[in-house]
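Report on the structure given below.
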Amino acid sequence: MQKMLNTLLALYVQGGDHVYAGESVTQLMHAWQCGRLAEKSGASSALQLASWLHDVGHLWANLEGTPTLRGQDDVHEHIGAQVLLPVFGLAVSEPVRLHVQAKRYLVGTRESYASKLSPDSVRSLRLQGGPLGPQESAAFEAKPFFADAVKLRVWDDLGKKPDWFEVTRQDALDHLMQLMHRVARDHVIQI
Ligand SMILES: [Fe+2]
Ligand SMILES: [Fe+2]
């Protein structure tokens with residue numbers, strides 16, 4: 001388990017300073033902001049960690065530049081969920097896997113939501129299949145981690161502020177490691 005936590009942390013040590021594709025924050029800032037928003041909202045440790053790591057699939061896949069500009073969907077939500085499931089369980093991997101579908105759901109069900117999306121999110125929305133229709137939305141609402149995925153998605157959209165990073169880089173990474181430990185230990189106790 002420790003080896004996997006080290007691997008995940010290393011992705012942020014090595015790739016955390018990369019600018020989040022098409023946005024004005026780095027991967028580490030975006031991850032930290034989403035985790036912080038979850039923490040401020042009183043989310044469980046698992047959902048805080050899901051918020052922290054929801055885009056880990058981008059770092060894992062490590063595609064060059066801004067894939068959406070080339071018309072490429074990196075399916076990062078599926079890559080991330082696959083990586084996270086064995087270590088942290090469904091409470092982390094499912095909100096991660098569903099965070100793209102949650103965007104499609106919110107665009108389809110909340111009129112004002114689409115206008116708040118960042119340019120990269122608008123580009124990727126098309127590649128990801130566009131807004132969910134009424135039947136798809138109803139099916140999505142029935143999924144066990146639907147509510148967590150929607151919360152994560154809202155923090156995802158808010159966590160792209162170019163000047164919000166209240167901690168040092170090292171403190172952010174230390175916090176991530178502590179949170180990963182806590183959630184992985186809880187997961188091991190449960191199984
Ligand atoms: Fe994402
Ligand atoms: Fe994100």
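The values are calculated or read from the model by the stated rules, or taken from the named source; none is laboratory data. Given the structure is predicted, the values throughout are model-derived calculations rather than measurements. Glycine also receives a Cβ, built like all others from the backbone with ideal geometry; neighbour counts cover every protein chain displayed. Accessible surface areas use protein heavy atoms only, side chains included; no ligands, DNA or RNA. Shrake-Rupley method; radii C 1.70, N 1.55, O 1.52, S 1.80 Å.
What accessible area per residue, rounded to a whole number of Å², is obtained for the chain using a probe radius of 1.4 Å? Present the calculation step by step, with values, prior to reporting the outcome.
Numbers: 9130 Å² over 191 residues.
Per-residue accessible area for the chain comes out at 48 Å².
Cut-off under 18 Å on the C-alpha distance; same-chain residues fewer than 8 positions from Lys3 excluded. Which aspartates and glutamates are left, in chain and number order?
Leaving aside aspartates and glutamates fewer than 8 places away in the same chain, those within reach of Lys3 are Asp174, Asp186.
Between the range 1-59 and the range 116-180, how far is it from one alpha carbon centroid to the other, in angstrom?
Spelled out, the Cα-based centre of one part sits 11 Å from the other.
Out of the total accessible area of the chain (probe 1.4 Å, heavy atoms of protein only), what percent is carbon and sulfur? Walk me through the intermediate numbers first.
Details: 4970 of 9130 Å².
Ligands and nucleic acids excluded, carbon and sulfur reach 54 percent.
Taking amide H positions as placed 1.01 Å from N in the peptide plane, with prolines and chain starts having none, which residues 5 or more places from Thr26, or on another chain, fall under 5 Å of its amide H?
Those qualifying (amide H under 5 Å, at least 5 residues apart or on another chain) are Tyr20.
I need the phi-derived Karplus couplings for the range 27-32: 6.51 cos²θ - 1.76 cosθ + 1.60, θ = phi - 60°, integer Hz, Gly and Pro marked x.
Computed from phi, the couplings for the range 27-32 are 4, 5, 5, 4, 5, 4 Hz.
Excluding residues on the same chain fewer than 8 positions from Lys160, give the lysines whose Cα lies under 20 Å from its Cα.
Correct list for Lys160: Lys40, Lys103, Lys116, Lys151.
Suppose every Lys and Arg Cβ carries +1 and every Asp and Glu Cβ carries -1, with no other charges. What dipole size does the chain come out with about its Cα centre, to the nearest 20 debye? Don't skip to the answer; put the middle values down first.
Working: 19 positive and 21 negative charges, 42 e Å.
Result for the chain is approximately 200 debye, rounded to the nearest 20.
Work out from phi, with θ = phi - 60° and the Karplus expression 6.51 cos²θ - 1.76 cosθ + 1.60, the ³J(HN,Hα) of each residue of the range 133-140, listed in order in whole Hz, and give x for Gly and Pro.
Couplings: x, x, 5, 5, 5, 4, 5, 5 Hz.
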